[in-house]
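Written below as structure tokens is the structure these notes are about.
Only the coordinates and a few stated rules stand behind these numbers; no lab work does. Remember, it's a predicted structure, so these values are computed and weren't measured experimentally. In this analysis, Cβ positions are derived from the backbone assuming ideal geometry, glycine residues included, and neighbour counts consider all displayed protein chains.
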Amino acid sequence: MNSARIFLTGFPGFLGRRVVAGLLRERPGAVIAALVEARTLPAAEAARDELERALPGARGRLRLHPGDLAAPDLGLGTASAGLAAATTDVFHLASARDLAAPYHLAWRVNVLGTAHLLAFAARCRGLRRLNHLSTAYVAGDRTGLVAEDDLDLGQGFKNAHEETMFRAERLVRAALPDLPATIYRPATVVGDSRTGETDRFDGPYFALRLIARLDRRGLPPPMIGRGGARANLVPVDFVVAALLHLSRNPAALGRTVHLCDPDSPTAWTVVRRCAELLTGREPAWSLSPALAGLILRPRPLRRRLGLPREAIPYFNHPVTFGTTNAYALLAPAGIAPPPFDDYAEILVAFYSDHADDPRYARDPG
């Protein structure tokens, strides 16, 4: 694997930076070509320079290529053919993950971008593996147990992110007979279980922000609905470790893998623990999802409370993601998500330390 020439999207995103760092460490001879949007080039250059300072032997092995996922040939022009000819491995990590993103934007990045990436991969004659990062939430509004091999079962979707990620994965599945690929479906990704580090406070962090803002007004934290559904959280360090291991595991070729916690706590357990750590008290009242959605309809109120309407269904959606493939492939390597209780305090401490830092802020829409 040392001779790998890797083409990667999603840098300098939080997950992308960590995957690149892992590849540089674990594949000493690998050279990485990262597709980077022009608007993120300064941040990508800074992230590259930081990696080169931190990792011995990394200098010159991460090469940035300005382009555009949504453009033909990925916006690379004449460089596309040369890159395709040299590429042995592809990591497609880029996506529009904002739950409140309008459909046209999510479709442009997730669906059109994946179609162009697949066209590029088809030209890589020496391709050993296409690693496609999807999401467990391609299951949409399905309930109960969702298996890793399930995809198109007539489900509806709670937002544009779910639907467009489903459509992107369907494109990858259709290409599987001709392209060697592995599909990774993480659940809701939170910060590092050892440091708490994350890149932005969205997803479950919206609940922390709501708890904190109500506490400042002397109000006890709420629970939206009964909170009996699984929270489906996984720390980013587990996702990266699993992805790096599976990307070089021959047994993962052609498989779809849920990167999820089979023992994920309920939403009630997560909110209660986070409220205790953040404010010293448990949720003392409950708000129905329907009423919460009505309250959050006015945009000024969403901004004041820090909670988007799109997050509400996830507190009470009764779905469990099967991990049969993941367990069989990861258990022999000792890779598993840590229990939530082991890292909850670390996540909340990182949030508390950075809650007012604008670099982590996300508009709830």
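Observations
- Options [x] 66, 39, 38; [y] 52, 49, 44; [z] 61, 45, 41 - which one matches Cα extents along the principal axes in Å as calculated here: [z]
- Separation between Cα centres of the range 1-56 and the range 180-245, rounded to whole Å: 25
- For the range 8-120, diffusion coefficient by Stokes-Einstein and Kirkwood Rh (Cα), 25 °C, 0.890 mPa s, µm²/s: 169
- The range 147-275, relative contact order in percent, only Cα pairs under 8 angstrom and at least six apart counted: 36
- Kirkwood Rh in Å, taken over the range 55-162 so that all alpha-carbon pairs contribute: 16.0
- Considering only Pro338, Gly306, Thr323, the residue lying farthest towards the positive end of the dipole of the range 268-365 is Gly306, judged by Cα position with unit charges set on Cβ.
- Table column - 3J(HN,Hα) (Hz), the range 255-264, Karplus curve with 6.51, -1.76, 1.60, x for Gly and Pro: 9, 10, 10, 7, 8, 9, 8, x, 10, 4
- In the chain, helices alone account for a calculated mean residue ellipticity at 222 nm of -11000 deg cm²/dmol, with every DSSP H run of four or more residues adding -39,500 (n - 2.57).
- When you restrict to C-alpha pairs under 8 Å that are six or more residues apart and normalise by the size of the range 52-163, the relative contact order lands at 29 percent.
- Rounded to the nearest 20 debye, dipole of the chain from Cβ charges on Lys, Arg, Asp, Glu: 520
- DSSP finds beta bridges in the chain, and of those with both partners inside it, around 5 percent are antiparallel.
- Relative contact order [Cα under 8 Å, 6+ residues apart], the range 209-365, whole percent: 36
- For the chain, built as a Gaussian network whose Cα springs stay under 10 Å, the top-fluctuating residue of Leu145, Leu210, Leu23: Leu145
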